[in-house]
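Right, one structure below, let's go through it.
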Amino acid sequence: MTAPDLILTGATVITVDGSGSTAEAVAVTDGRITAVGTTDEILAVAGDRTERLDLTGRTVVPGFIDPHSHVTAGAPYIKHAALHTPPVGTTRTVEDILRGLREAKKRNDTAAGEWILGWGYFPDAMDDGGKITAQIIDEEFADYRVALIHISNHGAVVNGRVLADLGIDADTLIPTAARSSGCPARRSRRASSGSRHSSR
């Protein structure tokens with residue numbers, strides 16, 4: 001075995017093998033793990049130029065490349081309406097959103113009162129500005145609970161049924177943090193509904 005470039009010792013090495021075993025040390029050659037074992041076993045393969053690093057009990061895991069994808073969080077959305085704008089998806093207008101909701105409702109045989117979810121909503125990149133309201137959604141889906149989840153996963157547009165479930169009405173106060181960002185002090189379904197937005 002070629003002497004490794006680096007050895008890590010004194011560690012708790014999570015091997016992710018079939019038995020869920022752990023080890024004490026790791027040898028690394030050309031950026032790849034080439035040996036895993038006890039500290040004595042790995043020290044035995046070290047060469048004169050091998051860098052030695054004692055981790056004093058720290059944990060080592062395999063190299064994960066995480067693009068902040070939230071795979072486990074996103075998986076449940078597969079059956080729902082994908083509302084991504086180009087180049088990822090095809091949503092360009094409010095009508096495209098409504099079409100996606102219709103298709104999801106039909107695909108999942110959604111019963112009245114159940115949820116219809118759309119995800120990837122990004123009005124900033126839509127051709128018509130993506131202005132959709134509870135009133136627009138309720139024209140077709142008043143008997144359902146609908147949420148359009150923003151592409152950031154940190155916000156959503158919901159319909160009247162959901163607002164009613166949450167007890168949000170014309171007298172509901174907007175939190176101070178929201179008011180400080182420029183939102184009006186009060187917001188009602190009537191104030192946020194408006195007329196149906198035309199699409200191109």
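The values are calculated or read from the model by the stated rules, or taken from the named source; none is laboratory data. Keep in mind the model is a prediction, meaning the values are calculated, not measured. Using ideal geometry, Cβ is built from the backbone for each residue, glycine included, and neighbour counts are taken over all protein chains shown.
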Here are LEU55, LEU83: which of them is surrounded by 10 or more Cβ atoms within 10 Å (Cβ to Cβ) and over 21 Å from ILE14 (Cα atoms)?
LEU83
For PRO67, are the conditions met, namely being of a type outside the set (S, T, N, Q), surrounded by fewer than 11 Cβ atoms within 10 Å (Cβ to Cβ), at pLDDT below 90 and closer than 22 Å to MET1 by Cα?
no
Return the residues of the range 27-42 that are out of contact with any helix residue (DSSP H, G or I) (no Cβ under 7 Å at 6 or more places or on another chain) and under 10 Å from PRO4 (Cα atoms); say none if nothing qualifies.
VAL28, THR29, ASP30, GLY31, ARG32, ILE33, THR34, ILE42
So which pairs qualify, if the first residue must be in the range 1-15 and at negative phi, the second must be among the basic types (Lys, Arg) and not in a loop (DSSP other than H, G, I, E, B), the Cβ gap must be under 6 Å, and the two must be at least 6 apart or on different chains?
ILE7/ARG52
Answer yes or no: is there a residue in the range 76-91 that is on the phi < 0 side of the Ramachandran plot and more than 19 Å from the chain's Cα centre (by Cα).
yes
Can you name the helices (runs of 4 or more DSSP H) wholly within the range 1-117 that have at least 1 residues being touching an Asp or Glu at 6+ places or on another chain (Cβ under 6 Å) and over 30 Å from PHE141 (Cα atoms)?
39-43
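Residue-by-condition table, conditions (1) touching a Leu at 6+ places or on another chain (Cβ under 8 Å); (2) outside the structural domain of ILE137 (by TED's automatic domain parsing); (3) polar (S, T, N, Q); (4) over 17 Å from ALA125 (Cα atoms):
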{"residue": "PRO76", "(1), (2), (3), (4)": "no, no, no, yes"}
{"residue": "ALA81", "(1), (2), (3), (4)": "yes, no, no, yes"}
{"residue": "PRO87", "(1), (2), (3), (4)": "no, no, no, no"}
{"residue": "THR91", "(1), (2), (3), (4)": "yes, no, yes, no"}
{"residue": "VAL94", "(1), (2), (3), (4)": "no, no, no, no"}
{"residue": "ARG102", "(1), (2), (3), (4)": "no, no, no, yes"}
{"residue": "LYS106", "(1), (2), (3), (4)": "no, no, no, yes"}
{"residue": "ALA111", "(1), (2), (3), (4)": "no, no, no, yes"}
Residue pairs meeting the criteria (Cβ under 7 Å; at least 6 apart or on separate chains; first modelled with pLDDT under 95, in the range 86-114; second not charged (D, E, K, R))
GLY89/ALA82; GLY89/LEU83; GLY89/GLY120
Would you confirm whether any residue within the range 139-159 is assigned by TED's automatic domain parsing to the domain that holds GLY100, modelled with pLDDT of 90 or more, outside any loop (DSSP other than H, G, I, E, B) and more than 22 Å from PRO76 (Cα to Cα)?
yes
Residue under evaluation TYR144, criteria (1) without any contact (Cβ under 8 Å) to a residue 40 or more places away in the chain; (2) among the aromatic types (Phe, Trp, Tyr); (3) over 24 Å from ALA170 (Cα atoms), criterion not met
(3)
Of the conditions (1) in a strand (DSSP E or B); (2) farther than 16 Å from ARG102 by Cβ, GLY167 satisfies every one except a single condition; which number is it?
(1)
